[in-house]
Amino acid sequence: MDSPIKRPQSVPSKRKARAGYHNIQVSPLSPYPEQWQPHIFPSPIAAVPASAASTSHPNPAPFPQLPPDENTVHQPLSSHPPPPIQPANKSTHPGPLPTFHETPSSDLNSLLATFRSNIFLPSHLIHLQKTLLYRTKNHPLLTADEPATVKLGNEVHQLHPLDRTKDEPATRASIARVTQLMGETRDWRNLPEWLEGLRIAGRKVRGMQLEKMVRRAGEGGRGGVVMDCLRRVEGTGMGLWDLRVAREVFWCAVGRCVQGGWGKEEVERAGRWVEGVWELCADPRHTEKMTRESDPKRRAEVVGVMVLVHAARVVLHGEKEAADAVGKYAEMMLGLWDSKEVGFEEGDWNDANYKMLMWAPVWRGMALARNVVGETSPLGKQLGIKLSEELEPLMQSGQAVLSAHPPAEGRRRGLKMCEDLSQVTV
């Protein structure tokens, strides 16, 4: 009788053999080999026991040690050491968590705290640390008598079990809610840090959401926060390459003048504001994603805001030194003029609303600029033609359309902009 066929034992691959995977036994109480535990939390993000978080222990424990399992046999490692865990890189571990100021709204404070602990903190951790948070079988390690902690910057954070479906707030709804609460409280100090945290966590903020943030912050007189976001564009993602966002940024200056009654101090601040934004439009951090069509410096309606603010300085407050800027920007605006952009679709009140919002500052800026450069000068005559043939008809037809479609409360933004600017007397 033939002897039975013996099946050869499975032979580990050369890569696994070199790494010593076939010689490692994992305790059922721990998701990682005991020999590898010191590598779980590599520097610079070191895990320390909660009891030692306030001390300067030179070699903190990686995470709470569990009692040994008598039924588990740990075979000796092979002569090859296990593959080292790569240290954190800058893009994955960007440093300490964003810190938020206390606000008058308890709802806003709670929502920001939830984002910080449940979304921003995990985004700063390495992969093995994240498995402790999200894998159910690892949660006993986080709920032990001595919980696990991680140190980010100078702050120690305790790790808690997380469920992605229950513990992480929805991005889109949360952005709308945070924007609403910041607008209601007029407390926008946390906006730059919050946007940076969202970007690090991989939560996408759409252009229309940034556009609304800029508008609400501008209406609340917090243009300084908007400027801070623009200067920190690498972290906040608020870039002037988005034309609709750029328009809202420049309209912040117009709104500031209107809210201040076109007083000298407010107009001077608006002048410095628009010049600062104009310089940022040439910043490589903002221009890298720009196209010719989206470049604010190539848009007549944006240059028209520069004309309006500087012309107001000269006409309303006698700042003759701004006259050269008025002529420079007026000539630039006419060189970029495209009559096809001025009109709106007949009967479309939404399009009429936005076009009036776009062109009302240009309409009033032209009227003021003609008083600076002279109505009979070549530049003054060109401005007069655009004013009478294109912008005046646009304002009249737009007012008629928007008056026939009033909102439930207040006024349409385009109509309000037109009426507010019409109060500026020459």
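Could you pull out the pairs from 355/386; 328/416; 264/386; 264/297; 212/416 whose alpha carbons sit more than 21 Å apart here?
Violating the 21 Å Cα-Cα cut-off are 328/416; 264/386; 264/297.
Add +1 for every Lys or Arg and -1 for every Asp or Glu among the other residues with Cβ under 13 Å from the Cβ of residue 117, and state the total.
Values: positive: 116; negative: 155, 167, 168.
My count for the surroundings of residue 117 gives -2.
On the full set of protein chains, 1.4 Å probe, figure out the accessible area of residue 328 and give it in Å² to the nearest 10.
110
The values are calculated or read from the model by the stated rules, or taken from the named source; none is laboratory data. Since we're looking at a predicted model, the values are computed, not measured. So basically every Cβ, Gly included, is an ideal-geometry build from the backbone, and we count neighbours across all protein chains shown. The accessibility values were calculated without ligands, DNA or RNA, using every heavy atom of the protein model including side chains. Shrake-Rupley method; radii C 1.70, N 1.55, O 1.52, S 1.80 Å.
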